[in-house]
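Asker: Encoded as structure tokens, here's the structure I'll be asking about.
The values are calculated or read from the model by the stated rules, or taken from the named source; none is laboratory data. Please read all numbers here as calculations on a predicted model, not as lab measurements. Glycine gets a Cβ as well: all are built from the backbone with ideal geometry, and neighbour counts include every protein chain shown.
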Amino acid sequence: MAVVFVLVAVAVLALLAGVHRYVWRRLIGDTTAEGSLARRAGTVAAFVLPLLSVGALAGGRVGFPFGLQQVLAWPGFLWLAALLYLTLALLVGEAVRPLLRRALERRAARRAPDAAPAQDPARTGPAGAAPAAAAAPAAAAAPAGAVATADRGAGGDRAEAAGGTAPAPAPVATDGTGPEAAEAAEAAPETAGASTEAPAGPSRRLFVARAVGGAAALAGLGTVGYGTYGVLRGPRVKRVTVPLARLPRSAHGFRIAVVSDIHLGPILGRAHTRRIVDTINATGPDLVAVVGDLVDGSVADLGTAAEPLAGLEARHGSYFVTGNHEYFSGAAEWVGHVRELGLHPLENARVEIAGFDLAGVNDVAGESEGQGPDFAAALGDRDRGRASVLLAHQPVVIDDAVRHGVDLQLSGHTHGGQLWPGSLLAELANPTVAGLERYGDTQLYVSRGAGAWGPPVRVGAPSDITVVELASKQA
């Protein structure tokens, strides 16, 4: 088992290293000059940000001081989300890159014929001057005697008699393709004809790299920014009506405010709890159900962050069951703390509410401490003629709920995937990722949760508090 864990860890680290290398190459290596300040800064970030992410993930487990956890959490967790969406955007850019290059090449090819006449040295020069290519054949065709006469007429004999230099030789005729023509073309001033052709070669590649990299950075970071805003503004209220065959008419319209996965921790604190409490109270529920993953940390660090829960208002009280993260954070202490705040923990227990039974089971993560779910204790001796509602953090226990004749199970845990395409992975591990589904005679409702684990970012899975209204088929 240990060998498997090591192999998985090595594979994950290798994957992360490869992804970071790819992102650095596309965003920094391909778009900046060697030795430039931008490249040096990007290279430093490519090493520092992953270290911050590791520190943010491991800080709570290895016992970092809570203040240090808070310092590491924001940049470390946000970088994980940014890395995901930068990578996805860059992969899309790989398909766009050749299309953009071909478009630029076609544009340059269309402009080349128009630019060529302006660049031809044979057609440039001062106004009224004869083209050099035309003058050379004329000079070559002139009789030698005429040339000599002209030279003497210009004072050539007097210059030789005086010991002066001989006149320069006449231009040599060419066909426009020899070395003389090449030298003439190089010597032609740039102003002879301005070119409108797009940059070719390295310049075009740099333009494409910067265009694709810039668009990917804008898309990736913009997605993370919007997803962060969605978490920090607080969850929105959803309303779902669930008909129950055995619910009496007296309980018709009973409203349960379901909240899960609040995840108080180094990032989400007391202000987050206050927003949730205010949102729940505004719905005027008959009962509040907190279905696990309240915290990511100890009571010593987060006890004050949870204190606003004491302000929950519901006619039939507020109830709590553990999630897997409570068992990472000291479940026994948290059960005691929420009881002090006025919530009623249901540890494999059941209470009778007006018209139905409300039961709760511990999370399956408690099995490592001998405190796992016990459906027999919670539901074994109840009156099967009464409707029953079960609070269970993870949807995977739905089969146990069906066997015990539960009418409705309320769960969380999945976060709805939290970060798309995480919902695809969540579907592999959970019978229902979000919403209401039926399994035999039992209905399962899964909340997306009110907080976020790790990156305080949600994409494609907005946070929610759900008001479940029970409906009697007898009404």
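Asker: When you scan region 310-381 for strands (runs of 3 or more DSSP E) that lie fully inside it, which ones turn up with 3 or more residues that are closer than 19 Å to Gly449 by Cβ?
Answerer: Qualifying strands (runs of 3 or more DSSP E): 318-321.
Asker: Given (1) buried (at least 20 other Cβ atoms within 10 Å of the Cβ); (2) touching a residue at least 40 places away in the same chain (Cβ under 8 Å), identify the lone condition not met by Pro462.
Answerer: Among (1) buried (at least 20 other Cβ atoms within 10 Å of the Cβ); (2) touching a residue at least 40 places away in the same chain (Cβ under 8 Å), Pro462 violates only (1).
Asker: Report the residue count in region 210-229 for those that are in contact with a strand residue (DSSP E or B) (Cβ under 9 Å, 6 or more places away or on another chain) and surrounded by fewer than 19 Cβ atoms within 10 Å (Cβ to Cβ).
Answerer: Residues in region 210-229 being in contact with a strand residue (DSSP E or B) (Cβ under 9 Å, 6 or more places away or on another chain) and surrounded by fewer than 19 Cβ atoms within 10 Å (Cβ to Cβ): 1 in total.
Asker: Continuing with this model, one more query. Considering only region 57-82, state which residues are crowded, with 17+ Cβ neighbours inside 10 Å, touching a residue at least 40 places away in the same chain (Cβ under 8 Å) and closer than 20 Å to Leu232 by Cα.
Answerer: Hits for region 57-82 are Gln69, Gln70, Leu72, Ala73, Phe77, Leu78, Leu80, Ala81, Ala82.
Asker: Hey, among the residues in region 37-47 that are out of contact with any Gly (no Cβ under 8 Å at 6 or more places or on another chain), free of Cβ contacts under 8 Å to residues at least 12 places away in the same chain and surrounded by 12 or more Cβ atoms within 10 Å (Cβ to Cβ), which one's farthest from Val224 (Cα to Cα)?
Answerer: Per the stated criteria, the residue is Arg40.
Asker: Is it true that Gly292 is small (Gly, Ala, Ser) and touching a His at 6+ places or on another chain (Cβ under 7 Å)?
Answerer: yes
Residue-wise test of (1) of a type outside the set (A, V, I, L, M); (2) modelled with pLDDT under 95; (3) under 16 Å from Tyr327 (Cβ atoms).
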| residue | (1), (2), (3) |
| --- | --- |
| Gly342 | yes, no, no |
| Asn362 | yes, no, yes |
| Ala365 | no, no, yes |
| Gly385 | yes, yes, no |
| Val396 | no, no, yes |
| Asp399 | yes, no, no |
| Val402 | no, no, no |
| Gly417 | yes, no, no |
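Asker: Scanning region 350-382 for residues that are more than 36 Å from the chain's Cα centre (by Cα) and touching a residue at least 40 places away in the same chain (Cβ under 8 Å), which turns out farthest from Leu410 (Cα to Cα)?
Answerer: That would be Gln371.
Asker: Residues to consider are Pro285, Pro266, Pro308; find the one that is of a type outside the set (A, V, I, L, M, F, W, C), under 32 Å from the mean Cα position of the chain (by Cα) and surrounded by 23 or more Cβ atoms within 10 Å (Cβ to Cβ).
Answerer: Pro266 is the lone residue from the list that is of a type outside the set (A, V, I, L, M, F, W, C), under 32 Å from the mean Cα position of the chain (by Cα) and surrounded by 23 or more Cβ atoms within 10 Å (Cβ to Cβ).
Asker: Identify all residues within region 44-68 that are more than 16 Å from Leu13 (Cα to Cα) and in a helix (DSSP H, G or I); write none if there are none.
Answerer: Correct list: Val44, Ala45, Gly59, Gly60, Arg61, Val62, Phe66, Gly67, Leu68.
Asker: Let me ask something additional. Write out, first by first residue and then by second, each pair whose Cβ atoms fall under 6 Å of each other, whose residues are 6+ apart or on separate chains, and whose first residue, in region 409-422, is among the aliphatic types (A, V, I, L, M) while the second is modelled with pLDDT of 95 or more and not in a loop (DSSP other than H, G, I, E, B).
Answerer: Pairs found: Leu410/Val258; Leu410/Ala289; Leu410/Val291; Leu410/Leu391; Leu410/Tyr445; Leu419/Val459.
One line per residue, one yes/no per condition, for (1) in contact with a strand residue (DSSP E or B) (Cβ under 6 Å, 6 or more places away or on another chain); (2) buried (at least 22 other Cβ atoms within 10 Å of the Cβ):
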residue	(1), (2)
Gly372	no, no
Ala401	yes, yes
Gln409	yes, yes
Gly412	yes, yes
Leu424	no, no
Thr432	yes, no
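Asker: Only one of these is more than 19 Å from Asn362 (Cα to Cα), aliphatic (A, V, I, L, M), modelled with pLDDT of 95 or more and surrounded by fewer than 18 Cβ atoms within 10 Å (Cβ to Cβ): Ala271, Ala332, Ala251, Ala257. Name it.
Answerer: Answer to the selection: Ala271.
Asker: Looking at Pro462, Pro456, which one is out of contact with any strand residue (DSSP E or B) (no Cβ under 8 Å at 6 or more places or on another chain) and either part of a loop (DSSP other than H, G, I, E, B) or aromatic (Phe, Trp, Tyr) (or both)?
Answerer: So the residue among Pro462, Pro456 that is out of contact with any strand residue (DSSP E or B) (no Cβ under 8 Å at 6 or more places or on another chain) and either part of a loop (DSSP other than H, G, I, E, B) or aromatic (Phe, Trp, Tyr) (or both) is Pro456.
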